[in-house]
């Protein structure tokens, strides 16, 4: 395998460099940046921008591109990434932020309540006796640290 690579490298080294640099402009001239560049933030003065209306408010049918709700050749809004269908969701009219936060917190409390109700009241007790360990919960056998202590055997067991 290395002989193939060596032969390819040898062939590439034998080729003249002018073959790869075939152009009327040299490599140093290609990287030349003119100093009179137009740095105006609005380079196209006569470009007609679309009004900044979210695409979510537009009717769903009658477009060339139904998913983005655009016709071919329509100008883009200045902040198209915010007003397109992929932008942030527009809140429904009449819903205040406090009301939306209340609804969100009620939904979180509802899901949490269902989870803990299922966990505490609807999960049956295991049908076996949990294992206990003698000698202070195998404290020295598990390394001698109190946080490594297993279940302690109680004196009042049946």
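The values are calculated or read from the model by the stated rules, or taken from the named source; none is laboratory data. Since the structure is predicted, the reported quantities are computational estimates derived from the model, not experimental observations. Virtual Cβ from ideal backbone geometry, glycine too; neighbours counted across all protein chains shown.
Among 76, 82, which is in the same structural domain as residue 59 (by TED's automatic domain parsing), surrounded by 11 or more Cβ atoms within 10 Å (Cβ to Cβ), part of a helix (DSSP H, G or I) and at pLDDT below 90? First the steps, then the outcome.
On the way: 76 fails: part of a helix (DSSP H, G or I).
Going through 76, 82 in turn, just one is in the same structural domain as residue 59 (by TED's automatic domain parsing), surrounded by 11 or more Cβ atoms within 10 Å (Cβ to Cβ), part of a helix (DSSP H, G or I) and at pLDDT below 90: 82.
Residues checked against (1) surrounded by 10 or more Cβ atoms within 10 Å (Cβ to Cβ); (2) modelled with pLDDT of 90 or more; (3) out of contact with any helix residue (DSSP H, G or I) (no Cβ under 8 Å at 6 or more places or on another chain):
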residue: 93; (1), (2), (3): no, no, yes
residue: 99; (1), (2), (3): yes, yes, yes
residue: 127; (1), (2), (3): no, no, yes
residue: 138; (1), (2), (3): yes, no, yes
residue: 147; (1), (2), (3): no, no, yes
